[in-house]
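The values are calculated or read from the model by the stated rules, or taken from the named source; none is laboratory data. Quick caveat, the model's predicted, so the values are computed rather than measured. With ideal geometry, Cβ positions are generated from the backbone for all residues, glycine too; neighbour counts draw on all protein chains shown. We work out accessible area using only protein heavy atoms, side chains counted, and drop any ligands, DNA or RNA first. Shrake-Rupley method; radii C 1.70, N 1.55, O 1.52, S 1.80 Å.
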Amino acid sequence: MKLFYYKRRDGSNNFGDQLNNWLWPQLLPGLFDEDETTTFIGIGTLLNQFLSQRVPQAKQLIIFSTGVGYEQPLKTLDKNWKLYCVRGKLSAQKLGLSPDLAITDGAILTRRLYQPSPQKNYRFTYMPHIHHATFADNIWQNICEQIGFHYLDPRSSVDEVLSTISQTEVLLAEAMHGAIIADTFRVPWIPIITSPRILLFKWQDWCSSIDVQYYPYFLSPLIKSYPKYARGIRSGFNAFTHWKNSFLQFPKISQFWQEQEELYGMQLLKIAQTGRQQLSSDSQLEGLTVQLEEKLDLLKTDWYSKS
């Protein structure tokens, strides 16, 4: 059975996707190999019309806690798919599934494998969406340093992300799997949106599973002050970074950019100090974990005998 998860075209790692390679081999030891005819789909927003194209060799798909969101949802499920559970209620509704199959994101099973640090080294940590971390280069890191926040790059290793979140008192997150791990480790989290790239549906889907209202705080995109260049910049951060660096030699431009970073810093700090901190209940988290473990036991019964 082949473990499949989304890999970015630019080759950079993304925590939510990379977590698959950390989590499932520990929970399902010895089950995975390079045989793509049976493919396991776990953490990710992958239940759409492109899934079959992404795993063309698969004759059977094993779906476990995956979500709907990007692209168009599947109209019908292939008869050769074995679906154990999906991310949340909205995913189940889109696919016409029984509500019993809507549990939560499989990332919460991390709590059975990782012991969070009891020591808190960071009052506030900010974790942007992968697109914005890539696009903004080191801008968000500079902003965090100015206001005394810790910056967590979603391209960091899984171990670094887990360690950092466990040492954080409050996580401000654009990266949904950052928030999921924070909730799993009992770290309060505040969702942030800085551009339309943040997919509200998948956040609402996950929040529906943990019985928490999705209440995001909005910051305008970093490029809002540069509308003339916005269209070209949006397609990639390289052009933007080159453009920014080429103009830093001019004092007025440099000062303007500094003022923009200070403004964003003040806005982020205000959200951290006054924003609504979210956290599911202990009983809800434990109940969902047990439900996923029951589905995992069923999967083991179904597949270990065949491996």
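Annotations
- Pairwise label distance in nanometres, TYR70 with ASN142, each label 7 Å out on the Cα-Cβ vector: 2.9
- When both the stretch 287-303 and the stretch 12-33 are represented by their alpha-carbon centers, they are found 17 Å apart.
- Modelled FRET efficiency - R0 25 Å, ARG186 with GLN26, Cβ distances, 0.05 increments: 0.75
- Highest-first packing order for the peptide set 123-132, 109-118 is 123-132, 109-118, based on the mean count of other beta carbon atoms within 10 Å.
- Label-point gap, in nm, between GLU36 and TYR214 - each point 7 angstrom along Cα→Cβ: 3.2
- Spin-label model distance (nm) - ARG155 vs GLN260, 7 Å beyond Cα toward Cβ: 2.0
- Approximate shape of the stretch 143-224 as ellipsoid semi-axes (Cα gyration tensor, √5λ), whole Å, largest first: 19, 18, 11
- Accessible surface of ASP211 - all protein chains present, 1.4 Å probe, nearest 10 Å²: 120
- Carbon/sulfur fraction of accessible area - the stretch 85-151, other protein chains in place, 1.4 Å, %: 45
- At full extension, SER52 and TYR304 could sit 88.3 nm farther apart than now, given 0.36 nm per residue minus the alpha carbon distance.
- Computed from Cα positions, the angle between helix 15-27 and the longest principal axis of the chain comes to roughly 30 degrees.
- Note on the stretch 91-230: the C-alpha convex hull projects to 9.7 nm² when averaged across all orientations.
- Per-residue accessible area (protein heavy atoms, 1.4 Å probe) orders MET176, MET266 as MET266, MET176, starting from the largest.
- Here, P(r) means the percent of Cα pairs in each 10 Å bin from 0 to the largest distance; for the stretch 32-119 it is 17, 47, 26, 8, 2.
- Subtracting the Cα-Cα distance of ASP297 and LYS7 from 0.36 nm times their residue separation leaves 101.6 nm of extension gain.
- With 0.36 nm allotted per residue and the present C-alpha distance subtracted, the VAL290-ARG123 stretch has 57.0 nm of extension available.
- 222 nm mean residue ellipticity, helices alone, for the chain (DSSP H n ≥ 4; -39,500 (n - 2.57); rounded to 500): -13000 deg cm²/dmol
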